[in-house]
1. Considering (1) surrounded by fewer than 23 Cβ atoms within 10 Å (Cβ to Cβ); (2) more than 14 Å from chain B (Cβ to nearest Cβ), say which one A:Ala246 fails and leave the rest.
2. Residues of the stretch A:224-243 being over 28 Å from the mean Cα position of the chain (by Cα) and either over 24 Å from A:Ala421 (Cβ atoms) or more than 12 Å from every other protein chain (Cβ to nearest Cβ) (or both), which ones?
3. Can you tell me which condition B:Ile73 does not meet? The list is (1) part of a helix (DSSP H, G or I); (2) touching a Ser or Thr at 6+ places or on another chain (Cβ under 7 Å); (3) within 10 Å of another protein chain (Cβ to nearest Cβ); (4) aliphatic (A, V, I, L, M), and all the others hold.
4. Name every residue in the stretch A:126-179 that is β-branched (Val, Ile, Thr) and under 29 Å from the mean Cα position of the chain (by Cα), in order of residue number.
5. Looking at (1) farther than 22 Å from A:Gln405 by Cβ; (2) within 8 Å of another protein chain (Cβ to nearest Cβ), which one does B:Gln96 not meet, given that it meets all the others?
6. For the stretch A:249-258, give me the residue count where each residue is of a type outside the set (A, V, I, L, M) and buried (at least 20 other Cβ atoms within 10 Å of the Cβ).
7. So, in the stretch C:311-346, how many residues would count as being closer than 30 Å to C:Ala294 by Cβ and of a type in the set (Ser, Thr, Tyr)?
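The values are calculated or read from the model by the stated rules, or taken from the named source; none is laboratory data. All of these numbers come straight from a predicted model, not from anything done at the bench. No Cβ is skipped: glycine too gets one built from the backbone with ideal geometry, and neighbour counts run over all protein chains shown.
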Amino acid sequence: MNAFAGKPNAARRAVLIGGGALVFSAALPLRRGRARDLGGVPETGVLVENPANAFSPNAFVRVTPSAAGEAGEIVMVMPNVEMGQGIYTQSVVLIAEELDVDPVNILLEAAPPSDVYMTAALGTEATGGSTSTMSQWDPLRQAGAAAREMLKQAAATRWGCSVDLLKTENGKVLNTKTGQSLFYGEVASEAALLTPPKDVPLRPSSEWKLIGHARHRLDSRIKVEGRCEFGIDVIKPGMKVGTVSACPVMGGRVKSMDRAAALAVPGVCDVLKIDNAVCVVADNYYAAHKGLKALFVQWDEGENAHVDTALIYQQLHDGLNDPKPLVAEKHGDAPKALAGAAKTYEAIYQQPLLAHSPMEPINCALHIRKDGADVWVSTQVPLRARDAVAEIAGLPKESVTLSSQYIGGGFGRRLEHEYVAQAAMFAKQVPYPLKIVWSREEDIQLDRYRPAYVDRVRAGLDEKGDMTSIVFDLVGPAVCARWAPAGMTKEGFDPDLAVAIAPPETPYYYKNFQENYIRRETPGVVTAWWRGVGGTRGLFVIESFMDELALLKNVDPLEWRRRLISHEHPRARGVLDLVAEKSGWGKPLPPGHGRGVCLQFVFGSYMATVATVNLEDPLNIKVVSVDSAVDCGEIVNPDQVIAQIEGGVIFGLGTALFDEITLKNGRVQESNFSTWRIIRMNEAPPVRVHLVQSHEKPGGIGECGTAAIAPAIANAIAAATGRRLRTLPLMKALHSSEGEN
Amino acid sequence: MIDLRINDQIHSVDVTPDTPLLWVLRDILGMVGTKFGCGIAECGACTVHLDGKAVRACVLPIGAVSGRSVTTIEGVGADPVGKAVQEAWIERDVVQCGYCQPGQIMAATALLKETPHPTDMQIDEALSGNICRCGTYGRIRDAVHAAAERQS
Amino acid sequence: MFSLRNFLFSVAATTVLCAVSGLSARAEGTNSDLVKRGEYLTRMSDCQVCHTAKDGQPFAGGRPFNVKPFGTIYSPNLTPDKETGIGGWTDDQFVKAVREGVSPGWKHLYPAMVYPDYARMTPEDVKAIRAYLATLAPVHKEKPANTGVFGFGPARVTMVFWNLLNGPASSWPDDPKHSANWNRGRFIVEGPGHCQECHSPRTLTMAPSTSNAWAGNVADGWLAYNISSDKQDGLGNWSAEDLTSYLSTGHAPGHGTASGPMAEVISHSLRFLTKEDMAAAIEYIRSLPPRASAAIKAPSSTDQSSVMRGEAMFDGACAGCHLRDGEGRNTPFADLTGDHTARAPDGRNLLLLLKQGSNLETENGSVFMPHFGHGYDDQNVVDMANFVLDHVGKTKAGLTQADLKKFMEEAGE
């Protein structure tokens, strides 16, 4: 298996004992986490630090120089953070496909904060919105190809032969004429002197050895052996652990606290305060947690102390009566067509505030000194996080290092960096490295939430019941306005709110279409991105509504969609037909069962989902199975596409069934997994994923499953029971009479 | 000082007896493979073995552990069943973010030690206390079966 | 009515108790024996639980008491704060308040304050409590205004008449027919321990019943169980060891774990009793005449669908601590087998336990049951309870959302 017979670790040991080659040792990357001694084989997955003196042809490839006959170490810099979506493995494959190295023999470095690693679609160095593979598809392959060509050129110069005689294979340059070979490391120093070539042609798909083939994840072993270093696992010499409590009412401040009582708890060493939060620091988390309890913090709650859930929904529903909504998207003249329609049909949907609750509670470790700072954190936005620390600490940005850790779940929560800023405000008060760990209660109650929305949809129908016009009235906040103001339209629309509804991000053709937006920011909470963003939000509305129209006209819901697909989206028809076949659509089901379908074109991928539910027990929604047919274009690693759909469906399903963040007196009521319910193994249906072979450009995949499942289930419930649930979460709607509106 | 036997090594720690085992492992002994997820035994991320049984380290006061044998994710690979479970996890590409998986693996290993060939229902019963936010449940079930096959 | 025996017991008690006391850190410069004795009596009287708000500072008051249908009473601040606490009171004023229910300014305290029981302590006992409370850090915290009839003056006047009917007894002389231990036990149980306030049914005038004493009663929505020696309904089948274990640790094998208000009593009061006092209290409790409990409404059949739904949720949300058969995973405290709450067919305490959670302090820190709700809606909670009744309690399991609603209302939620 190991192509690197030179055993780099053995080389390093030799260097440490001997003398002459000390420069050499400085060139080797340092492992950040807890690697296991594999007898010289580089362990995949453990993150390393950027090696000095390495051949670095671009931002993504590093080859450390090696002695004759020995392999250098190859480090690949990961532009996106790994939070479970498998992007480290995908990125390595993209580079390795052109660089001709075995993915299991390379080392990984998490990208440092830098504009170089910016995700264009997001306007900053960020991992989110299912954009990673889409945006790295070309750049990473180009990086691998450029490095390869430089290594070949260096070898050609060494051998005094034409570069055309050379090829690369398994980490070596080969001379096809003489049979000579050199490890990449052997020519790395010479390659470093060359100018990187531009526009190296990329290999055609027919030559791919890695892309498109199922491959094991590179981070599995360190994760199953407990050696993967998440942000919460960082331990540095002299480090203390703090836990925080921020005012549970947004905008409130610390009024008083019993500092002495907290300091009296064994193990507690400091009580720190900022305007709206306190932090108890101790030798271990539990002592800090006890100290926080003993602190008896009292709050000035401020003006949001009156906010409750009813008020939030009331404001959203009132928004529907706004006389001057913003016309956000349109074609044709939908209001006119609606007014002249033979029949109209209207439905109102309500979706709740949602917490993210990744399994790794929010945390941040940092050491702020006079001359600089180090930050170790799980974040989806390294650059923003670094800049925030620099600003709060009053330090130049360059003096702040940030190590991106493995992330124990992001789901959009770590696109926010306010917790890093908060941690910096505490850490700058103490001389020692401080790791701040939030309790689960803090994680849920001080989250930044997926907004609640109210949507009204009106359709104009002709005499035959066919749709001639559709008008969406959408009431809710604009997350984009805070997170990426430049992304707002000049009229004041958050384009994320058009996803899944408005052309071109819908597979449907509307004769007359209009989307009206009534912006209502949510009082008492900060709203933020959440897995599936606009797709999750919009699909519940449009796919529920499509189903209602089909049932109204007494047409099979799948057939109804087929008729409405725009001729510009033949791939939508492909996934719909595939899922119909695989799910046994139309075949008889036992009593109390029902099937529901959802069709989508979001994140650049097509997907059709059929969920089968069992409501023989009218008080329980039992999901029997889920089938999804996916056409996401070119696939890097089919097994990981399947994994993302499987996981995304389960993630979305649990939330759609159970969850809603509620406020009372300005405070979030849900606090831990006994009130914020996560779907469990015995509630998780089998998810069968059916992939379509495609050579179209790759689409995103991490959020597709999450977006699909709520409407598929709601439609299946309607099929099984005749009840149309238009309010999420579905279980609560089922148990009350209000869910139907 | 409280003496603990963890992965067949004796450790002495100086903490108050109410300190949960989880924090002794993570913050005193630096064994961070065992994860903090909820602190109320609702998620299973902190699952370790106490005398061979799967327990939640976040609610297990160290005062109740003295003299008993603890196995963590760092040590479970030394056990043939634990090793088989870890290899099955890799083989089936179970992990996504991986944060819950140490707990899942500890729960699965304890199950297989008692029930070498569990049915789907027995797996569900034993592992439903372990939350996976990434939704890898289907693959976990498959991997438990695969680990059972490896054993036979 | 100074009782020499009581005094001697108290002194003996305090010497043992020093080791476990953790409450007062600021006793320097005071009469430390008096303060220690006061601390012990404060715990025996369980002042802390009622005089502490949820998540509030100990003894700073503010805990609400819903007296249906009359209104809500809030407990006052017992810390030595001069403006909002009792820092400005004289010792005699304090004794009068604790033993006679009359606070400075001749305000009659409502019977949420158990002064008829506390009157069985001597003025010296009460002064010791005062001495201890004076060592606490003052907390400036205003008492919320009472609501309903308790918000007005006339109710206080009414209390004068209530006191004539039901009001303060005085320290009882020892009953020579019984042992010194028994008499000490009676003092603890009926005096500062004020057990009857929850465990005896109320008369029409809201005083504890004497004719049906100890047969159990609803307090704060929870059923305080029958603690008479009745074999069927009471503690007749509990050994002295069972009771000792239960009252001093919160758990007895085969009888489950204390929860709800009883867990609070054990956390802050009973577990601090000396061995001798605990034995005395138990001797007295075991001598209580058997009385049958009032019949409770039980469902006539089991709702199988609900049990099945509950089973799935139990495996996920409950078995992490209890294991699916209820024998407990992590600690003996999670052992549900034999627990009265897991088999009482009206599900009152079980449902409230699920909705409110519970916390028990032990020598190894807090043992707690989280509260369920929100993502687990009322139907879910009822389903989980039905599974416990059916599977662990082996009893008919037909609870409904209406039951839950009723119990929650009675609990003031």
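1. With respect to (1) surrounded by fewer than 23 Cβ atoms within 10 Å (Cβ to Cβ); (2) more than 14 Å from chain B (Cβ to nearest Cβ), A:Ala246 is out only on (1).
2. A:Pro237, A:Gly238
3. In the conditions (1) part of a helix (DSSP H, G or I); (2) touching a Ser or Thr at 6+ places or on another chain (Cβ under 7 Å); (3) within 10 Å of another protein chain (Cβ to nearest Cβ); (4) aliphatic (A, V, I, L, M), B:Ile73 misses (1) alone.
4. Residues of the stretch A:126-179 that are β-branched (Val, Ile, Thr), as a first pass: A:127, A:131, A:133, A:157, A:163, A:168, A:173, A:176, A:178.
Passing the criteria: A:Thr127, A:Thr131, A:Thr133.
5. With (1) farther than 22 Å from A:Gln405 by Cβ; (2) within 8 Å of another protein chain (Cβ to nearest Cβ) applied to B:Gln96, the lone miss is (1).
6. Going residue by residue through the stretch A:249-258, those that are of a type outside the set (A, V, I, L, M) are A:251-253, A:255-256, A:258.
The next check asks that each one be buried (at least 20 other Cβ atoms within 10 Å of the Cβ); those that pass are A:252.
Total meeting the criteria: 1.
7. 2
One line per residue, one yes/no per condition, for (1) at pLDDT 90 or above; (2) under 23 Å from A:Leu218 (Cβ atoms); (3) surrounded by fewer than 16 Cβ atoms within 10 Å (Cβ to Cβ):
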residue	(1), (2), (3)
A:Gly20	no, no, yes
A:Gly33	no, yes, no
A:Arg36	no, yes, yes
A:Thr44	no, yes, no
A:Pro51	no, yes, no
